[in-house]
Amino acid sequence: HETQNSYSFTVVATDAAGNISEGQVVTLPVNDLDEVAPGITSGATATAIDENTGADQVIYTATADDSADISGGVTFSLAEGSDAELSIDAATGAVMLSTDPDHETQDSYTFTVVATDAAGNVSEGQAVTLSVNDLDEVAPGITSGATAAAIDENSGANQVIYTATADDSAD
């Protein structure tokens, strides 16, 4: 179809006596089939999310272009080997994270988007990475003592009586 979308020919009939009938023009159209896989147009990186932002959130939306030939629509899926906590809406391409992200448990998720057109042509290979941002979620620990050094009465104003220290290196 892409090279020539129809053919025309003329039918000639000749009988045993040599009589010729000419003039029947026949056109043979060539049907255009969906033979080109859709191209995945969404990016290879999902926007990073903060840890502890909740489960069942959309973390990426896959998109595809199937306009290289006729199109009956595109459906999406995730390739084998994608993180199990992820799922994709076949119609919209929305990728969901089923668990509450926690940087200390898993700092990134990877998945591969697959786009399939109505004719069964498949595009696979859009590997995507989602990073989980590490947040400071641990309060600092006070490291200074529980008792201040004694001072003498009437020893004056504006003197340092205690120095507080803390450690915030836990997270």
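Things to note:
- The label-point distance for Thr112 and Asp134, in a model that sets each label 7 Å from Cα toward Cβ, rounds to 2.9 nm.
- With contacts taken as Cα pairs under 8 Å and at least 6 residues apart, the chain reaches a relative contact order of 20 percent.
- Length available on full extension from Ser98 to Ser8: 0.36 nm per residue minus the Cα-Cα distance, which gives 26.6 nm.
- Average accessible area per residue (Å²) across region 1-99 - probe 1.4 Å, nucleic acids and ligands excluded: 62
- The modelled label-to-label distance for the pair Ser144/Tyr162, using points 7 Å beyond Cα in the direction of Cβ, is 0.8 nm.
- Cα-based shape type of the chain, given that a ≥ b ≥ c are square roots of the gyration tensor eigenvalues and the cut on a/c is 1.5: prolate
- DSSP finds beta bridges in the chain, and of those with both partners inside it, around 90 percent are antiparallel.
The values are calculated or read from the model by the stated rules, or taken from the named source; none is laboratory data. Keep in mind that this is a model prediction, so the values were computed, not measured. Using ideal geometry, Cβ is built from the backbone for each residue, glycine included, and neighbour counts are taken over all protein chains shown. Side chains are part of the model used for accessible areas, which takes the heavy atoms of the whole protein and leaves out ligands, DNA and RNA. Shrake-Rupley method; radii C 1.70, N 1.55, O 1.52, S 1.80 Å.
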